[in-house]
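Okay, so here's the structure we're looking at.
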Amino acid sequence: MDQSNETLDLQPAAPQEVVLRYEASVTPIVERYVQPTPLPGRRRAGAPPVRRKKRRGLTIFLVCMLVLAVLSGAVTALWYNGVFDRYDSYGDDRFEHRDDPGYYESDSHGETTIKRLPNTDQVKLRYNEGHGEVLTIQEIYQKVNPSTVTVLTGMDDGSAMVGTGVIFTADGYVLTNAHVIAGGSECYVVLDTGEDYRARLLGLDEEKDLAVIKIDASGLPAAEFGDSDALSVGDPVYAIGNPLGVELRGTLTDGIVSAINRDVAVDGVTMTLIQTNAALNNGNSGGPLINVYGQVVGINTMKMGSSSTTSVEGLGFAIPISSTAYMINDLIAYGEIRGEVMIGISVQTTPVTLDSGETALRVVEVTPGSPGDEAGIQKEDLLLTADGETLTKSTDLLRVRRRHEAGETLTLTYERGGKRYTAEVVLRESDT
């Protein structure tokens, strides 16, 4: 049997103060990750009056930009016609007024005063652990682009921020980054068809950089979400978003998974992310990272940049779906992230092969008073199944655990001293 001492702790780890060290000139870029754009008919506060000068080069440039805007379709037209001033898909009776905790405070971006909808436990984001056939790049784009939206966030100074989002239910729940809407007072979602809707906020979390918003619509093309834990370094991935604003909406880029479980420290908070060399630019924030089956496996959130002359290319990062699905569902149900459920045991990452030829995971530590301890699990027990599923690697146990919420029961089959037992583990939220 493999006696590797490498272990997997099934309790959520506390964020490390510093996980990666970068040279001073190379830093993670998450500074809103979107370009500020004045709203139609408004000048940014304090901005000088616009003075037009007759310049032939400028005229040619503007003509080119106009052609590009026309080609970009209805979204651009809506943007320049004043989408923020004319459309409201939610009446005032459809959202919940919250006078004290109803807005999101951020020292960097100010208060987020986007009006809220009541939270619900009847809606959940779910991802598929299986998949269909490998798709062509064209098929992937046709499948996912209709589910990819433009997120426009209006600021109090009359400017707007542009980001991306992903529809995950047919009735209008949209996933995006928290920094796309942070500090906003109003929010709109524009579909790939050009239809625009005022959005309401369900919840957001700055540290995890996740937000859930909703539009009042039905019959929408919801994206299929996949298992980010199944990714390996070198797997092809694709990104769809709105780089540099609405004119280039629906842009598809491709690359590979450069690293998995990459810990990146940003503003004292460590995020565990998927690293990719697929091109990500301002405006891609909140958009989908897609596997070869057309499943959304990550939400694009940041890239590495340089404040010096050092060139930094191909270092983008996405939030993995498998490890954050429970957080997204917490935002829908409670408006905040409450915490991951725990078993309270640590197992070897390398499986053990039994005399029967079956695989098992050796328990190397049990936290006193934890759900696993209360269910009778002991150090050196060999875990064979979780909820009836064979455990061939440590991530199998993580995957089963993530399907559960606090208060639910996870069933473990284990071997001790040559005999087999069953434990009913009642899960609860981690204290950390």
Is it the case that the range 187-208 has a residue that's more than 19 Å from the chain's Cα centre (by Cα) and basic (Lys, Arg)? yes
Go through the range 310-345 and count every residue that is among the acidic types (Asp, Glu) and at pLDDT 90 or above. 2
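Name the one entry in Ala325, Ala386, Ala423 that is more than 24 Å from Leu273 (Cα to Cα), surrounded by fewer than 21 Cβ atoms within 10 Å (Cβ to Cβ) and either in contact with a strand residue (DSSP E or B) (Cβ under 6 Å, 6 or more places away or on another chain) or among the hydrophobic types (A, V, I, L, M, F, W, C) (or both). Break it down stepwise before answering.
On the way: Ala325 fails: more than 24 Å from Leu273 (Cα to Cα); Ala386 fails: surrounded by fewer than 21 Cβ atoms within 10 Å (Cβ to Cβ).
Being more than 24 Å from Leu273 (Cα to Cα), surrounded by fewer than 21 Cβ atoms within 10 Å (Cβ to Cβ) and either in contact with a strand residue (DSSP E or B) (Cβ under 6 Å, 6 or more places away or on another chain) or among the hydrophobic types (A, V, I, L, M, F, W, C) (or both) holds for just one of Ala325, Ala386, Ala423, which is Ala423.
From the list Leu354, Leu427, which one is of a type in the set (A, V, I, L, M, F, W, C) and closer than 30 Å to Glu206 by Cα?
Details: Leu354 fails: closer than 30 Å to Glu206 by Cα.
Going through Leu354, Leu427 in turn, the sole match is Leu427.
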Just a yes or no: is a residue in the range 393-404 surrounded by 21 or more Cβ atoms within 10 Å (Cβ to Cβ) and not in a helix (DSSP H, G or I)? no
Return yes or no: is Lys214 in a strand (DSSP E or B) and touching a residue at least 60 places away in the same chain (Cβ under 8 Å)? yes
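The values are calculated or read from the model by the stated rules, or taken from the named source; none is laboratory data. These numbers were taken from a predicted model, which means no experiment stands behind them. Virtual Cβ from ideal backbone geometry, glycine too; neighbours counted across all protein chains shown.
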